[in-house]
């Protein structure tokens, strides 16, 4: 199989600071910078490859380096261009959109808050009423089916309630996105876009938040992955 | 045109050893998208990541969540 190196894009940010010397990213490939006007792309030359844990961590490490001095627009893992000319075309053709995105996230970072069910959690107060015994098999099937659907709906309501409570008690002007996760141990996850200077306060506020049945796991600062997720650029 | 952007220093989390689920939720599932189709494998779990419509949740419960038009791989 021909494994030709292509242009792998990490993020786009203002063209002020170059990547640190000797910064390497996915598969150890050195990170380079391509500048067009006010915009810079941080990229590397590497053959296409599937994502794995090492790849994701390497991608994030480079984006974090960019985030260190100013908030970038992060791209999803797996963004390849045929060559530098194609990447330069993106910076030129989409300059307006990318500048608007940079302005939107400027001076801010993303923080994640994930709710995790406590291990020995008691059943939720709104547990189902058991179906009456002694029904026929068809009836029993329908009851089981109804219960399964009910359990899903209850889990969703519970996730929404938790997310609502976290939002209400942490929001304080931040932009918030909520994701309900189908994983029963992790009912929901929230992403907050907060000023860079408020990371420590934010962590403290999450730590002080007591919610019944769930623990809150805070992560970040991240580049604003969740807040640019709707952006789709065709080349 | 030049934009000045040096911003406030950040207090990083502990050595950057963040949970894989938080990493996947962001680096694989969010961020700006250029291309449509990718076939990927995460932590030994094969996943088909179709077009722009996939939502990847966590390694332990990784599953496909596709919109009704998923699978065509068309650009959004």
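The values are calculated or read from the model by the stated rules, or taken from the named source; none is laboratory data. If you're wondering where the values come from, they're calculated on a predicted model, not measured in any experiment. In this analysis, Cβ positions are derived from the backbone assuming ideal geometry, glycine residues included, and neighbour counts consider all displayed protein chains.
Scanning for something surrounded by 18 or more Cβ atoms within 10 Å (Cβ to Cβ), within 24 Å of residue A:174 (Cβ to Cβ) and at the interface with another protein chain (Cβ under 7 Å from one of its Cβ atoms), does region A:90-98 turn up at least one residue? So that I can check it myself, show each step before the final result.
Initially, region A:90-98 is screened for residues surrounded by 18 or more Cβ atoms within 10 Å (Cβ to Cβ), giving A:90-91, A:94, A:98.
Going one step further and asking which of them are within 24 Å of residue A:174 (Cβ to Cβ), we end up with A:98.
Checking which are at the interface with another protein chain (Cβ under 7 Å from one of its Cβ atoms) leaves us with none.
Checked region A:90-98: no residue is surrounded by 18 or more Cβ atoms within 10 Å (Cβ to Cβ), within 24 Å of residue A:174 (Cβ to Cβ) and at the interface with another protein chain (Cβ under 7 Å from one of its Cβ atoms).
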Exercise for the section: Would you point out the residue of region A:169-185, among those that are out of contact with any helix residue (DSSP H, G or I) (no Cβ under 7 Å at 6 or more places or on another chain) and within 16 Å of residue B:26 (Cα to Cα), that is modelled with the lowest pLDDT? Expected result: A:181
Exercise for the section: Go over the candidates A:22, A:54, A:14 one by one and state the one that is crowded, with 19+ Cβ neighbours inside 10 Å and over 17 Å from residue B:31 (Cβ atoms). Expected result: A:14
Practice task
Give the residues of region A:99-119 that are more than 10 Å from chain B (Cβ to nearest Cβ), part of a helix (DSSP H, G or I) and within 25 Å of residue B:22 (Cβ to Cβ), sorted by residue number.
Solution key: A:104, A:105
Fill in the blank from the handout: Note on region A:3-19: residues touching a residue at least 40 places away in the same chain (Cβ under 8 Å) and part of a loop (DSSP other than H, G, I, E, B) are A:3, A:4, A:16, A:17, A:19
Practice task
Please work out if residue A:52 is at pLDDT below 95 and under 21 Å from residue A:220 (Cα atoms).
Solution key: yes
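State whether the residues of region A:39-58 include one that is at positive phi and over 16 Å from the mean Cα position of the chain (by Cα).
Of region A:39-58, the ones at positive phi are none.
The answer is no; no qualifying residue exists.
Tell me the residue from A:70, A:44, A:29 that is within 11 Å of chain B (Cβ to nearest Cβ) and buried (at least 16 other Cβ atoms within 10 Å of the Cβ), please.
On the way: A:44 fails: within 11 Å of chain B (Cβ to nearest Cβ); A:29 fails: within 11 Å of chain B (Cβ to nearest Cβ).
Answer to the selection: A:70.
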Handout entry: Failed item, numbered, when residue A:197 is tested on (1) modelled with pLDDT of 90 or more; (2) under 15 Å from residue A:67 (Cα atoms); (3) touching a helix residue (DSSP H, G or I) at 6+ places or on another chain (Cβ under 9 Å)
Key = (3)
Practice task
Sort out which residues of region A:30-56 are in contact (Cβ under 8 Å) with a residue 24 or more places away in the chain and in a loop (DSSP other than H, G, I, E, B), and write them in order of number.
Solution key: A:31, A:37, A:38, A:48, A:51
